[in-house]
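Report on one structure; see the data block that follows.
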Amino acid sequence: MFTWLNASMTRKISGLSFVLLAFLFIVILYTAYKSQKIYKDIQEVSKIDIPLLEVITDIEILQLKQHLWMEGIRLQGDVFFEDENLRKKGMQGFDQFNQRLATQLERAISILHSALALDSVRINVADHQVLLKKIKDLHSHRVSFEHAFVQFINKDQHSDIDWNNVEKQDNALDDEANELLMSIDQLAIQVASSVEKQERDFLVMSATLGFVAFVIGIYLTLHTILSFRRKVDVLRGQIDSLHRSMPHDADANTPRYKGTDELDELEKDLRILIGRFSQERESRDEVESKLIELATRDKLTGAFNRHKWDEQIKYELVLAQSGHHFSLILLDVDYFKKINDSYGHDVGDNVLRVLVKTLHRRLRQTDALFRVGGEEFAILLKDTNLEEAEFLADQLRKSIESLNDPDIPSFTISLGVTEYQHLDDQSRMIKRTDILLYEAKGAGRNRIMVG
Ligand SMILES: Nc1nc2c(ncn2[C@@H]2O[C@H](COP(=O)(O)OP(=O)(O)OP(=O)(O)O)[C@@H](O)[C@H]2O)c(=O)[nH]1
């Protein structure tokens, strides 16, 4: 029982079904066995008891008829004995009675023999044998009576004493037949009560088995349902505490879903929880990407910041060592100090914003722009050779030169352009580009230097 209480839900339900099916199987087996037995009893009754009763009733009727026939002869008196024809006819009738009686008695004997041969007689075998003996006795008494009566009829003188003797014998036979009938009745009652008992036992047993199955079924079902509900409640409690543990929980009182059953409710609760989890994850992802943005972007211009620049150049160098080519542009606003001094710091800031916006418009998706100093920027160009980088740098220079924004003064940029070279590291590559930028400045600004 202890193991059962700790078993899994599947095992409990399987065990429950098994017990109920086993009971059902026992009830079916018992019903089949008992039905078979009752059917056999009924067959025995129809083959033995009923025919036996019929035979004995016939014998009694024949006895009665014979009695009446004898009375008729007695009333006719001498007329019967003196008329040869009447006597002959009478004797023929008597023979017929005798034959019918003999036949019926033999039938009764054969029925009882077959009853004993069945070997499944539900009543006492001794009772059957007593009955058999009684019928055989009646049979032999009948035969003696026939002889006596034939002799009596063939006699010339028929005194009252003779008549009384014959009648006495006939009455004795009647009594014998009646007694036999009563014994057979008794037997039939025994058989009927035996069949009735079988049926009653069958009903009681079936009802008991059914009731036990019902009680076990109710107990196991209730137990399973209760433990199932307990577990579902525990799960729903855990879901509730998960809801409560979530941040931004305006739904601290998240209403419980009312469904058609516990599983349905549990499923809906889980769905709501999963929905909230994914919402939570989405907003976390959003916050995370905002944080990443904040951590990697320059506040003023929106270009990538110095921190990102350090990270990215290292990354590109690693890729370049395994065969991925890239180029680098360093650019600087010409005479920026003058712009600040002439127009103010805010305008200077605006110049930087417009510069980044304009550069972004010209750059490709795979290029990355970094603010690496006050008015100094770097551009990483993936899968780009020096010639392509030079072309792009000049395009950038021209687009800044041709800017016509009423809110800011015109300005130009100088650029140093290089590509990754074998055995380049971060400082070597930057240094080379820096020198090129310095050369561009030295050569008069608003120009590019490639190397
Ligand atoms: N408005 C503004 N000015 C900045 C910012 N960061 C740096 N500066 C200014 O940029 C100026 C850079 O001046 P310099 O290094 O002398 O260079 P330049 O005047 O551009 O001269 P060249 O580079 O030689 O053409 C300095 O005056 C800095 O104060 C910024 O975020 N906003």
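Just so it is clear, none of the values below were taken in a lab; they were calculated from the coordinates. As the structure is a prediction and not an experimental result, all values here were calculated from the model. Neighbour counts are summed over all protein chains in view; Cβ atoms, including those assigned to glycine, are modelled from backbone coordinates with ideal geometry.
Taking the Cα centre of the chain as the origin and placing charges on Cβ (Lys, Arg +1; Asp, Glu -1), which of Ile313, Gln104, Ile216 is farthest toward the positive end of the dipole?
Ile313
What aspartates and glutamates does Lys65 reach when the alpha-carbon gap must be under 12 Å and sequence neighbours fewer than 8 apart in one chain are set aside?
Within the straight-line limit of under 12 Å, Lys65 reaches these aspartates and glutamates: Asp170, Asp174.
Using a ≥ b ≥ c from the Cα gyration tensor of the stretch 255-296 (square roots of the eigenvalues), is it rounded, prolate or oblate, where a/c under 1.5 gives rounded and otherwise the larger of a/b and b/c decides, a/b for prolate?
Prolate shape, in that a/c is at least 1.5 and a/b is the bigger ratio.
List Ser322, Ser183, Ser427 from most exposed to least, where exposure is judged by having the fewest other Cβ atoms within 10 Å. Display every interim value, and only then the final one.
Details: Ser322 6, Ser183 16, Ser427 9.
Listing Ser322, Ser183, Ser427 from fewest to most nearby Cβ atoms yields Ser322, Ser427, Ser183.
Can you list the lysines whose alpha carbon is less than 20 Å from that of Lys337, not counting same-chain residues fewer than 8 positions off?
Output for Lys337: Lys441.
Per the helix-only calculation at 222 nm, which mean residue ellipticity applies to the chain, given -39500 (n - 2.57) for every DSSP H run of n ≥ 4 and division by its residues, nearest 500 deg cm²/dmol?
Values: 13 runs with 333 residues, N = 451.
Result for the chain, helices only: -26000 deg cm²/dmol.
Rounded to the nearest 20 Debye, what is the dipole magnitude of the chain about its Cα centre when Lys and Arg each give +1 and Asp and Glu each give -1 at the C-beta?
About 2320 debye.
Is the C-alpha gyration tensor of the chain telling us rounded, prolate or oblate? Criteria: a/c under 1.5 is rounded; beyond that, a/b larger than b/c is prolate, otherwise oblate. All intermediate terms of the calculation are to be shown ahead of the outcome.
On the way: a/c = 7.75, a/b = 5.98, b/c = 1.30.
Judged from the Cα gyration tensor, the chain comes out prolate (a/c at least 1.5, a/b above b/c).
Sorted from fewest to most neighbouring beta carbons within 10 Å, what does the list Leu235, Leu21 look like?
Working: Leu235 14, Leu21 11.
Least crowded to most crowded, the residues run Leu21, Leu235.
Which of the listed residues, Gln426, Leu16, Ile274, is farthest toward the dipole's positive end in the chain, when Lys, Arg count +1 and Asp, Glu count -1 at the beta-carbon?
Gln426
Normalized C-alpha radius of gyration of the stretch 2-219, against 2.2 N^0.38 Å?
1.74
To make sure I understand, if each residue's beta carbon is the centre and we count other beta carbons within 10 Å, what order do Asp269, Asp349 fall in, fewest to most?
Working: Asp269 22, Asp349 14.
Fewest-to-most ranking of Asp269, Asp349: Asp349, Asp269.
Residue-wise, which Karplus ³J(HN,Hα) couplings in Hz belong to the stretch 414-426, taking 6.51 cos²θ - 1.76 cosθ + 1.60, θ = phi - 60°, and x for glycine or proline?
Calculated HN-Hα couplings, in order: 10, 9, x, 10, 8, 10, 5, 10, 3, 6, 5, 10, 4 Hz.
Return the loop-located trypsin sites (Lys or Arg not before Pro) in the stretch 88-176 (DSSP other than H, G, I, E, B) with at most 11 other Cβ atoms within 10 Å of their own Cβ; answer none if there are none.
In loop regions of the stretch 88-176 (DSSP not H, G, I, E or B), the sparsely surrounded trypsin sites (Lys or Arg not before Pro) are Lys155.
Report the label-to-label distance for Thr296 and Leu20 in nanometres (one decimal), using points 7 Å from each Cα along the Cα→Cβ vector.
Distance between the two pseudo-spin positions: 6.1 nm.
I need the trypsin sites (Lys or Arg not before Pro) found in the stretch 291-400, filtered to DSSP loop residues with at most 13 other beta carbons within 10 Å of theirs.
Listed in order of number, the matching sites are Lys299, Arg364.
So which lysines pass the test for Lys314, namely a Cα distance under 26 Å, with those fewer than 8 places away in the same chain ruled out?
Result set, ordered by chain and number: Lys290, Lys299, Lys357, Lys382, Lys431.
Classify the stretch 58-108 as rounded, prolate or oblate from the Cα gyration tensor: take a ≥ b ≥ c as the square roots of its eigenvalues, call it rounded if a/c is under 1.5, otherwise prolate when a/b beats b/c and oblate if not.
The shape class here is oblate.
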